[in-house]
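Enquirer: A single structure is presented below for examination.
Bear in mind these aren't lab numbers, they're just calculated from the coordinates by the rules spelled out. Everything quoted here is computed from the prediction, not taken from an experiment. All Cβ positions, even for glycine, are placed from backbone atoms using ideal geometry, and neighbour counts span all protein chains on display.
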Amino acid sequence: LHSHYSDGAQSPRDLVLEVMANRLKAFALTDHDSMAGIPALRSALNELGAGARFVPGVECSARFEEQEIHILGYFTEDQPPAMLDYLKKVVLERQERNLKMIKRLNQLGYAIRAGDLAEADGEKRIHGRVHMALWLVEHAGFPSIADAFGELLNEGRPAFIPRKRRKVEEVATVIRKAGGVAVLAHPQQYGWCALPSDPDAGRLLHHRFCSIRDQGVQGIECFHGQATPQESRMIRAAASGLDMICTAGSDSHGREDQHASMYRLESVFLSAPSS
């Protein structure tokens, strides 16, 4: 799950309320490059008496085969010091990139300022392209976040600036040294399941998983809120026999126009076909 401490729409307390309404038995908060929302979520759990098991986490970017992928870190500690030290560096890089993108938007005629990304309440939130998109929707007449990304903010569009991407091995090592478990997030979003009918597609996916495992990643997000049943089967089959953890995550951001909704107790996860 994602909260408004990164690019989600909900507060940690609102997430806990939805977790309780959906009767989930376990969930994780994995904001992008931030664990700042975890104390507030822990407080809400205690206040509301939620019985669900909570796993503190984070979602980090990495570089693999010249493309961006995401690595989830799951922890037993709410604020692991080694992970927080790493995230401080990443946040500074994010801020530098934001300023460069804002300058480009200004050159394109949009009067957005760096301060427009910040929350008025002063909480330590991570800002990025989605907050620029929200500003463009509110102040520049874009009909949706997707339209703002498609016209200006996506890779290859006029305002896009690439971020520094660390190697998978570096990100996985940081997570593991901080006491966490490193898991590859939503593999279907990288175009790796685009041709499931191709007999070589499954073998190539398996090869990628092997490479990622050899770089220190311990698990695969086999079930994701936006993955089709066919993609989930393909991912689960490709991960079979690799001695990697299989996880499930809705990746809910509280915006159903852009992301899947939160799982419910009744959510069903498909297993890989028997061979």
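Enquirer: Got a sec to turn the phi values of the stretch 23-32 into Karplus ³J(HN,Hα) couplings, 6.51 cos²θ - 1.76 cosθ + 1.60 with θ = phi - 60°, whole Hz, x for Gly and Pro?
Expert: 6, 6, 8, 7, 7, 10, 9, 10, 5, 5
Enquirer: On to the next question. Extending each Cα 7 Å along its Cβ direction at Glu65 and Ala118, get the distance between those two points in nm, one decimal.
Expert: The two pseudo-label positions are separated by 4.1 nm.
Enquirer: Okay, moving on. What FRET efficiency comes out for Lys177 versus Cys210 if R0 is 25 angstrom and r is the Cβ-Cβ distance? Round to the nearest 0.05.
Expert: About 0.65, to the nearest 0.05.
Enquirer: By residue number, which cysteines of the chain lack any other Cys whose Cβ falls under 4.7 Å from their Cβ?
Expert: When partners are defined as cysteine Cβ atoms under 4.7 Å apart, the chain leaves Cys60, Cys193, Cys210 without one.
Enquirer: Subtract the Cα-Cα distance of Asp78 and Leu99 from 0.36 nm times their separation in residues, and report this length gain in nm to one decimal.
Expert: 4.5 nm
Enquirer: Okay, next question. Rounded to the nearest 500, what is the 222 nm mean residue ellipticity of the chain from helices alone, with -39500 (n - 2.57) per DSSP H run of 4+ residues and division by all residues?
Expert: Computed mean residue ellipticity for the chain: -11500 deg cm²/dmol.
Enquirer: Which of rounded, prolate, oblate describes the stretch 12-249, given a ≥ b ≥ c as roots of the alpha-carbon gyration tensor eigenvalues and a/c under 1.5 marking rounded, otherwise prolate only if a/b is larger than b/c?
Expert: Judged from the Cα gyration tensor, the stretch 12-249 comes out oblate (a/c at least 1.5, b/c at or above a/b).
Enquirer: Still on this structure, please answer the following. Among Leu204, Leu136, Leu24, whose mean-square fluctuation peaks in a Gaussian network model of the chain (Cα, cutoff 10 Å)?
Expert: Maximum fluctuation in the GNM of the chain, among the listed residues, is at Leu204.
Enquirer: Count the lysine pairs in the stretch 67-177 whose Cα atoms lie under 16 Å apart, taking only pairs 8 or more positions apart in sequence or on different chains.
Expert: 7
Enquirer: Near the amide H of Gly8, under 5 Å away, which other amide H atoms are found, from residues 5 or more places off or on another chain, if H is placed in the peptide plane?
Expert: Ser3
Enquirer: Could I ask something else about it? Express the relative contact order of the stretch 3-97 as a whole percentage, based on alpha carbon pairs under 8 Å and six or more residues apart in sequence.
Expert: Normalised by residue count, the contact order of the stretch 3-97 is 25 percent.
Enquirer: Still on this model: Would you please give the residues with an amide H less than 5 Å from that of Cys222, counting only those at least 5 places away or on a separate chain, with H modeled from the backbone geometry?
Expert: HN-HN under 5 Å from Cys222: Thr247.
Enquirer: When the Karplus curve 6.51 cos²θ - 1.76 cosθ + 1.60 is applied with θ = phi - 60°, which whole-Hz ³J(HN,Hα) does each residue of the stretch 156-165 get, with x for Gly and Pro?
Expert: Working through the residues one at a time gives x, 8, x, 9, 6, 10, x, 8, 5, 10 Hz.
Enquirer: Using the Kirkwood formula on the Cα atoms of the stretch 106-216, what hydrodynamic radius do you get, in angstrom to one decimal?
Expert: Answer for the stretch 106-216: a Kirkwood hydrodynamic radius of 17.5 Å.
Enquirer: Shifting gears a bit: Taking the Cα centre as origin and putting +1 on Lys and Arg beta-carbons and -1 on Asp and Glu beta-carbons, what dipole magnitude results for the stretch 4-67, to the nearest 20 debye?
Expert: 460 debye
Enquirer: Rounded to the nearest whole Å³, what is the per residue volume of the convex hull around the Cα atoms of the stretch 26-138?
Expert: Spread over its residues, the Cα hull of the stretch 26-138 gives 144 Å³ apiece.
Enquirer: Which one of Gln10, Leu136, Asn98 is farthest out on the positive end of the charge dipole of the chain, using unit charges on Cβ (Lys, Arg +1; Asp, Glu -1) and the Cα centre as origin?
Expert: Asn98
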